[in-house]
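Worksheet for the structure shown next.
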Amino acid sequence: MTHADVVLVETASGVRTLTLNRPDRLNAANDELLYALTDALEAAGADTDVRVVVITGAGRGFCAGQDLGGVSGRNMSFTEHLNATYNPLIRTIRMLDKPVITAVNGVAAGAGASLALAGDIRLWAQSARLIEVFSTIALIPDSGSTWFLPRLVGYHRAFELMALAEPVLAEEGLRAGLCERVYPDETFLADVQAYAERLAARPANALALTKRALNFALTSTLDAALDQEAALQQLAGDHPEHAEGVAAFKEKRAPDFRRPR
Ligand code: T3D
């Protein structure tokens, strides 16, 4: 399979959809897929026509984590492998100055669960499930799971989910804040596209700065977050989007943040 086959790339109405494409392995990640996904995210970041990125999976799975078929005989240590593949991927998602939606169409296990949690917006199909499966093969959660999950469900539930590797189903996922919305399986992709287009109509610069401010604040003091907000607000206020938003308010019309200026 080539780079282009393992991650399908489509763009419609400012929404770039990246589809993991190893459906017979539930989109388990081999190196080819991990590099292709990171490259595709960077390309989406650089493309001015792209306002929102969606990551989803082909077939009935979202991503079953590391492809266990290719692990034995690997000529890299675990540490080297994580630093070369999963960690750059997760960092790219978190640093991308565009919203990334993880559209979890089915099972998300292991590093696939981490990937599902790494999105700015997480949309689940009704049949989606998230499994911190690592302990089943006597590994520890990686690719950001130890950072994301306790912030969402607290230390104790995170530890339980990781220790027992029990699936989180859509109902709990929604209740516990592991996803923002759950949609029926039958209409999932159309619902995701509609949601993404809504996001794409919002002010791109302000959303990029909001993402940067939130990511900073997650690991900062209140004092530092206030300073960061003050600095970033200047960048938002100086941008033509802000003038358009204020003009639209005064003229009692909807703002058009997509209009080239
Ligand atoms: O650097 C490093 O290497 C460390 C990084 C680690 C990151 C990790 O992600 S570690 C965790 C690795 N992932 C797993 O351990 C998950 C293994 N898979 C499962 O536990 C189950 O498949 C699922 C719970 C995800 C789904 O179960 P189910 O019953 O819905 O599907 P299935 O029948 O088990 O899987 C369907 C097919 O996909 C099957 O192939 P077959 O029998 O039809 O030919 C299965 O072998 C294949 N598959 C599923 N997961 C993987 C996989 N093949 C390779 N690797 C997988 N991870």
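The values are calculated or read from the model by the stated rules, or taken from the named source; none is laboratory data. Model, not experiment: these values are computed from the prediction. Reconstructed Cβ throughout: ideal geometry from the backbone, glycine too, with neighbour counts over all protein chains shown. Accessible surface areas use protein heavy atoms only, side chains included; no ligands, DNA or RNA. Shrake-Rupley method; radii C 1.70, N 1.55, O 1.52, S 1.80 Å.
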Answer yes if at least one residue in the stretch 228-240 is under 30 Å from Ala138 (Cβ atoms) and not acidic (Asp, Glu), and no otherwise. no
What are the residues in the stretch 105-134 that are in a helix (DSSP H, G or I) and within 10 Å of the ligand (Cβ to nearest atom), if any? Ala111, Gly112, Ala113, Ser114, Leu115, Val133, Phe134
Kindly evaluate Gly237 against the criterion of being modelled with pLDDT of 95 or more, closer than 25 Å to Glu197 by Cβ and not assigned by TED's automatic domain parsing to the domain that holds Val100. no
For the stretch 49-86, give me each residue that is polar (S, T, N, Q), more than 10 Å from the ligand (Cβ to nearest atom) and either modelled with pLDDT of 95 or more or surrounded by 12 or more Cβ atoms within 10 Å (Cβ to Cβ) (or both). Thr56
Select, from Asp67, Asp97, the only residue that is in contact (Cβ under 8 Å) with a residue 24 or more places away in the chain, within 25 Å of Phe159 (Cα to Cα), charged (D, E, K, R) and assigned by TED's automatic domain parsing to the domain that holds Thr146. Asp67
Restricting attention to the stretch 2-28, which residues are out of contact with any helix residue (DSSP H, G or I) (no Cβ under 6 Å at 6 or more places or on another chain) and within 16 Å of the ligand (Cβ to nearest atom)? Leu20, Arg22, Pro23, Asp24, Arg25, Leu26, Asn27, Ala28
Please verify whether the stretch 25-34 includes one or more residues that are under 30 Å from Asn205 (Cα atoms) and assigned to a loop (DSSP other than H, G, I, E, B). no
Search the stretch 87-104 for residues being among the β-branched types (Val, Ile, Thr) and more than 12 Å from the ligand (Cβ to nearest atom), and hand back the single one that is farthest from Thr19 (Cα to Cα). Thr92
Return the residues of the stretch 135-155 that are open to solvent by less than 10 Å² (accessible area, probe 1.4 Å) and not small (Gly, Ala, Ser); say none if nothing qualifies. Leu149
Looking at the structure I just gave you, is Leu37 of a type in the set (A, V, I, L, M, F, W, C), under 15 Å from the mean Cα position of the chain (by Cα) and either more than 13 Å from the ligand (Cβ to nearest atom) or in the same structural domain as Pro167 (by TED's automatic domain parsing) (or both)? yes
